[in-house]
Amino acid sequence: MGWQKIDGQLTQLAVGRGNNVWGVNSQDSIFRYINGTWHQIPGAATYVGVGADGTVWVVTRAGSIYKWVDYTWIQISGALAQISVGDATHVWGVTNLTNIFLRVNGDINTNGLWAQVDGALSDVSVASDGTVWGVNSNHDIFRWAGYNWEQVNGKLKQIYVSSRELIVGVNDNNQVFQYVNGTWNQLDGSLSLVYVAISIDGILWGIDINNGIHTRQDNLISQAYSISNSSTTPNNAANYSQNNSSIIIGLALGLGLSIIIFITAIVIIVRHYKKAPVLRIAH
């Protein structure tokens with residue numbers, strides 16, 4: 001099916017399930033996509049996060065945080081520059097100082113707390129299954145392992161996850177990549193995009209350099225992943241899993257060679273002592 005152009009202009013958007021898409025424009029206006037039309041929502045924000053269950057949070061230009069509850073915005077304590085929502089129980093964000101926070105013990109002021117997570121990221125994304133990925137200011141890619149960050153090969157300036165299997169991102173050349181089975185693959189027919197998002201059911205949305213809006217409704221879950229013939233990482237480096245395999249093979253070969261050398265040395269020593277004359281003590 002490929003990419004389709006959608007009317008309107010946005011600077012950032014987020015998608016939960018299906019086409020439950022929210023976005024913000026350059027004037028900080030907030031919009032929701034309903035039945036093929038953008039509807040303006042009261043309020044102002046620079047960043048929006050949408051969960052698979054329909055949970056919506058936003059961040060304002062001043063860093064204030066709000067949650068959409070019963071058709072109104074409720075302010076949440078704290079300050080963030082960017083926010084991501086997997087569902088009501090999975091909310092992460094980063095500050096303008098690249099500090100990372102996750103929401104714990106509820107989501108409203110009286111119950112919820114922001115817990116700081118070690119590390120520094122400029123962009124973080126969380127899914128409803130708890131999967132968390134992020135990129136730092138150097139565009140290095142990281143995956144949350146539950147207690148620490150694991151670096152993943154490649155370079156991206158923006159990343160978006162909606163499940164453990166659905167991870168997409170954009171590199172410095174505005175190329176769109178999807179992470180499949182440990183490999184970054186550039187999508188066939190990809191537009192030049194500065195921002196990309198994917199729903200939990202595999203529908204892609206993106207924003208181009210002119211704030212134009214695009215979508216791919218062909219579902220990246222059900223199809224055999226529309227991937228180019230030559231898989232590559234976002235920075236054209238070798239694949240991370242391949243690097244690990246090479247390291248393991250190299251270590252195995254090195255260990256095997258060491259064992260052979262050791263056994264050979266033992267054999268030489270044994271032969272030497274067998275040939276050496278025996279010193280007899282006179283009585």
Simple spin-label model, 7 Å along Cα-to-Cβ: SER26 to LYS5 in nm?
1.7
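TRP38: net charge of surrounding residues, Cβ under 14 Å, Lys/Arg +1, Asp/Glu -1, itself excluded?
Values: positive: LYS5, ARG32; negative: ASP7.
Result for the local shell: +1.
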Can you tell me the length gained on complete extension of the stretch HIS39 to THR89, counting 0.36 nm per residue apart and subtracting the Cα distance?
15.3 nm
Excluding residues fewer than 8 places away in the same chain, name every one of the aspartates and glutamates whose C-alpha is closer than 18 Å to that of LYS157.
ASP123, ASP140, ASP172, ASP208
Quickly work out the GLN75-to-ALA62 label distance, labels modelled 7 Å from Cα along the C-beta direction, and quote it in nm with one decimal.
0.7
Please give the net charge around GLY93, taking every other residue with its beta carbon less than 13 angstrom from that of GLY93, where Lys and Arg add +1 and Asp and Glu add -1.
0
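How many percent of all Cα-Cα pairs in segment 3-235 sit more than 21 Å apart? Working shown, then result.
Numbers: 13904 of 27028 pairs.
Tail of the P(r) past 21 Å holds 51 percent of the pairs.
Efficiency by 1/(1 + (r/R0)^6): what FRET value for ASN181 and TYR147, r their Cβ-Cβ distance, R0 = 30 Å, to the nearest 0.05? The partial results should precede the final answer.
Details: r = 24 Å, r/R0 = 0.81.
The pair ASN181/TYR147 has a calculated efficiency of 0.80.
Each value in this text was obtained by applying a stated rule to the coordinates, not by laboratory testing. Nothing here was measured: the structure is a model prediction, and the numbers come from that model. Every residue, glycine as well, gets a Cβ built from its backbone with ideal geometry; the counts of neighbours run over all protein chains shown.
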